[in-house]
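The values are calculated or read from the model by the stated rules, or taken from the named source; none is laboratory data. Bear in mind the structure is a predicted one, so any value in this text is a computation, not a measurement. No Cβ is skipped: glycine too gets one built from the backbone with ideal geometry, and neighbour counts run over all protein chains shown.
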Amino acid sequence: MQAKEYLKYFEDNYKQPLSEGLYSRGQRVDRFSGFKIIFESLLFKKSNNFVIVETGCQRQENDWGAGQSSLLFYEFLNFFDGKLISLDNNIFHLNRSKKILRKKFPWSTVPLVQMLGDSVTKLKKIEAPVDLVYLDSYDLDPSNPEPSMAHHLKELGSIKEILRQSIEPLIAIDDNFTDVGKGKYVLDWARKTGQKVLYNGYQIVIQIIS
């Protein structure tokens, strides 16, 4: 499948479930726009063999309110080849995610590497270059957002070596609002260090350029 064909397929199949009728804290939840930017940017950079890392994995089938990132990434990799590395601190979540993906793609030969443990620690064990790191591991409590925002900043610290080895990789962070969000501190860092902010909505997408 060519990039243009995939992007049309993605819009036709996922625009509605990722962006329509979803609200949180009175704000419309639109993950379609963020994922579209992610996939467009990946395919602009190269045509195949992508390495995607996600912290936090899919826990339920057809739970579009949670984003379904594992499914979307694994499907993308089945079109364009590569590897999905999925981190979570709950073995039940990892097992459930694997079951969902194997059910959806029983014929797939795309490697699914699962790592159990704290993401801040486990991310340091990934040594190969990557194309995307998707941070979504620590649930955000809007009434007390600091722990989640600080955790995702720590995750950023854990991937500095990965980013150094990679060619203009993407970082994306889920669950962001106007005033608070998982990615607020990471976004502050990106702006201070001159990274390229590709999208700043419910998801934040950053391209590392320096």
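Can we say residue 131 is acidic (Asp, Glu) and free of Cβ contacts under 8 Å to residues at least 40 places away in the same chain? Talk me through it step by step, then tell me what you get.
On the way: acidic (Asp, Glu): yes; free of Cβ contacts under 8 Å to residues at least 40 places away in the same chain: no.
Taking the combined requirement at face value, the residue does not satisfy it.
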Subject >> Selection from segment 24-82 of residues that are touching a Ser or Thr at 6+ places or on another chain (Cβ under 8 Å) and more than 19 Å from residue 173 (Cβ to Cβ) >> reply: 74, 78, 80
Subject >> Set 178, 109: member being of a type in the set (Val, Ile, Thr), modelled with pLDDT of 95 or more and exposed (fewer than 12 other Cβ atoms within 10 Å of the Cβ) >> reply: 109
Subject >> From the options 83, 104, residue that is modelled with pLDDT of 95 or more, basic (Lys, Arg), crowded, with 16+ Cβ neighbours inside 10 Å and out of contact with any helix residue (DSSP H, G or I) (no Cβ under 6 Å at 6 or more places or on another chain) >> reply: 83
**OP:** For residue 127, indicate whether it is assigned to a helix (DSSP H, G or I) and either more than 17 Å from the chain's Cα centre (by Cα) or surrounded by 13 or more Cβ atoms within 10 Å (Cβ to Cβ) (or both).
**Re:** no
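Would you be able to tell me the number of residues in segment 4-45 that are hydroxyl-bearing (Ser, Thr, Tyr), touching a residue at least 40 places away in the same chain (Cβ under 8 Å) and outside any helix (DSSP H, G or I)? First the steps, then the outcome.
So the first thing to find is which residues in segment 4-45 are hydroxyl-bearing (Ser, Thr, Tyr), and the list is 6, 9, 14, 19, 23-24, 33, 41.
Among the residues that remain, those that are also touching a residue at least 40 places away in the same chain (Cβ under 8 Å) are: 6, 14, 24, 33, 41.
Subset that is outside any helix (DSSP H, G or I): 24.
Selection size over segment 4-45: 1.
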Original post:
Which number in (1) at pLDDT 95 or above; (2) more than 26 Å from residue 48 (Cα to Cα) marks the one condition that residue 156 misses?
Top reply: (2)
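Within segment 17-42, track down each residue that is more than 14 Å from residue 72 (Cβ to Cβ) and not acidic (Asp, Glu).
21, 22, 23, 24, 25, 26, 27, 28, 29, 41
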